[in-house]
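Here's the structure we're looking at; comments come further down.
The values are calculated or read from the model by the stated rules, or taken from the named source; none is laboratory data. On a predicted model such as this, the values are computed, not experimentally measured, just so you know. All Cβ positions, even for glycine, are placed from backbone atoms using ideal geometry, and neighbour counts span all protein chains on display. In case anyone asks, the SASA skips ligands and DNA or RNA and just uses the protein heavy atoms, side chains included. Shrake-Rupley method; radii C 1.70, N 1.55, O 1.52, S 1.80 Å.
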Amino acid sequence: MRNTLRTFMLLAALTALFVGVGYMLGGVAGMAIAFVFAAGMNLFSYWNADKIVLRMYRAQPVDETHPSSLVRNYVADVAEMAQKAGLPRPAVYVIENDQPNAFATGRDPDHAAVAATTGLLRMLDRREVRGVMAHELAHVKHRDTLTMTVTATIAGAVSALANFAFFLGGNRERTGGLIGTIAIAVLAPMAAALVQMAISRGREYEADRGGAEISGDPQALASALQKIEAYARGVVNADAERNPATSHMFIINPLSGKGADNLFSTHPATHNRVEALMKLAGGGGAGGWTAPAGRPVRRSGTAVPVTGERRGPWS
């Protein structure tokens, strides 16, 4: 119920932004057109936002028959942890991208999907990949994915509409004229970003905790977060740069690979997330991780590779 109310308030806020931009661009007529368009977009986003985001990143569905052992293990681990968490089995996707990252999408647990980049599967060991995907399954279980996905599509549309103000010129006869047009072109994307940022930070902490409970291994998620941030700083995610309104969906900000606990961050600071996870591990709150049957592991610190698996070139 709380997430349903949050989604409704989010849709109302972003619709108001959309209508406001329409008013600045075309007065009452522009406002009416923007409202009709926003209403239709909200309905379309509810049913199709997950497909839009997956298509944006050219995500490909995968299953246990994939030729890569890394992908097969990833699919099997997602299915096993979803069952453990009492969730329907989500659709599983892979994104061809060198930046290690992952996200979940879908309007509810019955229509959920998780996606991981090839960079994530290559650069992290299996235990860490499990930790990351458990985090994403926690988003599904908490029903965060509807809010996250709808925000991405509508905030992106608000930003695009505001940017058109530079070219359309707005209503020059209205008070403010060109200055007002420039102001709305700058402030509307910022306002949309603030809305999506406001829903992100606390949700990530909760998903970290939930993911640690699902995987039983908070140390693996902590290790994965550190590795993802380090890699993301040096690997540009071109798709994310073209679609910045989706950045809040990823486990680590794909635009910069880092966050700060302030008004302008889409994610909590990674070191704060790691600290919270290590406290959870120290308190034994998530239990100990046990490898699935037939998958022995060699433990070494917080990074635990599966015996016999190599993190070599993508295949």
In nm, what is the difference between 0.36 nm times the number of residues separating GLN83 and ASN48 and their Cα-Cα distance? 10.1 nm
Sorting THR15, ALA32, PHE103 by the position of each Cα along the dipole of the stretch 1-122 (Lys, Arg +1; Asp, Glu -1; all at Cβ), the one nearest the positive end of that ordering is ALA32
On the protein heavy atoms, probe 1.4 angstrom, tell me the percent of accessible surface of the stretch 8-157 carried by carbon and sulfur. 64
Using a cut-off of 14 Å between beta-carbons, work out the net charge of the residues near ALA59 (Lys and Arg +1, Asp and Glu -1, ALA59 not included). -2
Hydrodynamic calc, the stretch 72-134: Kirkwood Rh from Cα pairs, then Stokes-Einstein at 10 °C with viscosity 1.306 mPa s, so D in µm² s⁻¹ is 136
Between ILE33 and VAL236, how high is the FRET efficiency from 1/(1 + (r/R0)^6) when r is the Cβ-Cβ distance and R₀ = 30 Å? Nearest 0.05. 0.25
Which order do peptides 234-242, 103-111, 210-218 fall in by mean Cβ count within 10 Å, highest first? 210-218, 103-111, 234-242
